[in-house]
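The values are calculated or read from the model by the stated rules, or taken from the named source; none is laboratory data. All of these numbers come straight from a predicted model, not from anything done at the bench. Quick reminder, even Gly has a Cβ in these numbers, built from the backbone with ideal geometry, and neighbours come from all protein chains shown.
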Amino acid sequence: MEWEETIAPFIEGLGFTRAKNDKCIFYHPDTGMIVLLYVDGLYMDGMAKDIEELHEKLTNRFECKPIQYLKVGEPLDYLGTEISKKDEFTLTLTMAAYTKKLVEFMKLEGDHHSMRPVDCPFRNTTEPNDDDDEDLSAEERKTYMSGLGMLGWLVSCIRADMAYTYSMIASGMARPTKIMLRHLVWATRYLKGTSTDGGVTSTQTNNETTMWRHFCDSDQGKDQSPENKGRARCGQLSMANGFPVFFKSKPTSVAMAHSKMVGGHADVSSGACEIYGAAQATFNILYLSYCANEMGVEFNMPAILEMDNKAAEVFANDTAMNTKLRHIDQRQHWVQALRDKALIKAEHVNTELNLADIFTKALQGKAFRSQRDAFLHDCKDICTQGNIDIIEIDHDHKVGV
């Protein structure tokens, strides 16, 4: 707290405005410079003279490490993420080095068939074992909890393709079992073969007009496990110029049929499940818009929310004269927010083109790859160029990427 009350006021005293919706963001309204602060890690984005001036003032006040500039072939490590420049026009964000740490922690760096990469991060159906429902030993539990924490950091930063997997594995945190640890091992094997996957953006797609796309989906309450109790799993993806900025995979917990129903509940209507998912997406889109505005980034409103369920689209646009969704209290604030045409405009998209599908289902094969490759790309050539220690995959095994 003492550090927070020291560094933040100092940066604000240099003319920066601290964001209220994400306190890690500092924005200078005159220079357009953006500073991201995570504890004592500073990321500065602006003109060279402005960065040098800020760094000089920081070093005069605090004990600082030498500044590192992002250059072609010289990636920067920021909070476990590698920010790289392929050339003067292309920027990438990967986590190859951190992924390698997870693989080593899970003791999967060998070439035994049980350690080789796999082509999907999660399998709904697996060969049953007699001990699947047994509690983990103390040592296994430690491995599970630590490995899950590392997987969670990968998902928090850039690995959107692991969001569904992380959510499913994390559902067993209250009582970790053997099957949950096996799921974690499988997920790590997938990461082993895709360690250099990341987000890519370039000046060809970045210009004065930021192009945002938002997708939402629901599994319509198909997860009937004791932990989930039939609640709908909602997925969302928001991209800026093709780069994944916000993504989520979690059971319904906010937009309920009645204001007194807290904690999430199952619903007999598939349309209602999709509507709850769209409502949660609306809340997150509004949050994104606040953060973007506080960073000086354009965020066009109304935001177009792409969904593949006609009932949810009709509900959001309020175009139905008769409805079977009479159990939803139309007076709730989330209903009004979803239907506010100044904020959100619902549009239909085919299921195979709905990129939020990957956050609600255990996709495999071509279906999984086509979704993943729409927002993540293999950056192996860039990681190699920057001498990032990555895991080499023997593709003769015909597994992995």
- Kindly indicate whether residue 238 is in a strand (DSSP E or B), at pLDDT 70 or above, closer than 11 Å to residue 360 by Cβ and in the same structural domain as residue 346 (by TED's automatic domain parsing). no
- Confirm whether residue 77 is surrounded by fewer than 17 Cβ atoms within 10 Å (Cβ to Cβ), in the same structural domain as residue 15 (by TED's automatic domain parsing), at pLDDT 90 or above and not in a helix (DSSP H, G or I). no
- Query: If you check residue 79 against the conditions, is it hydrophobic (A, V, I, L, M, F, W, C) and at positive phi?
  - Reply: yes
- Task: Determine if the range 82-92 includes at least one residue that is out of contact with any Lys or Arg (no Cβ under 9 Å at 6 or more places or on another chain), small (Gly, Ala, Ser) and within 23 Å of residue 192 (Cβ to Cβ).
- Result: yes
- Item | Restricting the range 80-125 to residues that are of a type in the set (Lys, Arg), in contact with a helix residue (DSSP H, G or I) (Cβ under 8 Å, 6 or more places away or on another chain) and part of a loop (DSSP other than H, G, I, E, B), the residue that is nearest to residue 190 (Cα to Cα) | 116
- Task: Return the only residue of 38, 43 being free of Cβ contacts under 8 Å to residues at least 40 places away in the same chain, hydroxyl-bearing (Ser, Thr, Tyr) and within 24 Å of residue 159 (Cβ to Cβ).
- Result: 43
- Message: Take residue 249 and tell me if it is of a type in the set (Gly, Ala, Ser), under 21 Å from the mean Cα position of the chain (by Cα) and at pLDDT below 90.
- Response: no
- Message: Restricting to the range 180-204, count the residues that are outside any helix (DSSP H, G or I) and hydrophobic (A, V, I, L, M, F, W, C).
- Response: 1
- Message: Six or more apart or on different chains, Cβ atoms under 6 Å: show the pairs whose first residue is in the range 118-134 and more than 20 Å from residue 372 (Cβ to Cβ) and whose second is among the β-branched types (Val, Ile, Thr) and not in a loop (DSSP other than H, G, I, E, B).
- Response: 132/179; 133/177
- Item | Total residues in the range 126-146, condition more than 23 Å from the chain's Cα centre (by Cα) and in a helix (DSSP H, G or I) | 6
- Query: Within the range 338-356, is there a residue that is modelled with pLDDT under 75 and touching a helix residue (DSSP H, G or I) at 6+ places or on another chain (Cβ under 7 Å)?
  - Reply: no
- Kindly indicate whether any position in the range 30-50 is assigned to a helix (DSSP H, G or I), surrounded by 11 or more Cβ atoms within 10 Å (Cβ to Cβ) and not assigned by TED's automatic domain parsing to the domain that holds residue 297. yes
- Message: Name the residue that is farthest from the chain's Cα centre (by Cα), counting only residues in the range 156-179 that are in a helix (DSSP H, G or I) and surrounded by fewer than 21 Cβ atoms within 10 Å (Cβ to Cβ).
- Response: 178
- Task: Output the qualifying pairs, or none if there are none: Cβ atoms under 7 angstrom, residues six or more apart or on different chains, first residue in the range 356-377 and surrounded by fewer than 19 Cβ atoms within 10 Å (Cβ to Cβ), second residue among the polar types (S, T, N, Q).
- Result: 362/124
- For the range 170-183, enumerate the residues that are touching a residue at least 24 places away in the same chain (Cβ under 8 Å) and touching a Gly at 6+ places or on another chain (Cβ under 9 Å). 179, 180, 181, 183
- Item | Residues of the range 59-74 that turn out to be free of Cβ contacts under 8 Å to residues at least 24 places away in the same chain and part of a helix (DSSP H, G or I), as a count | 2
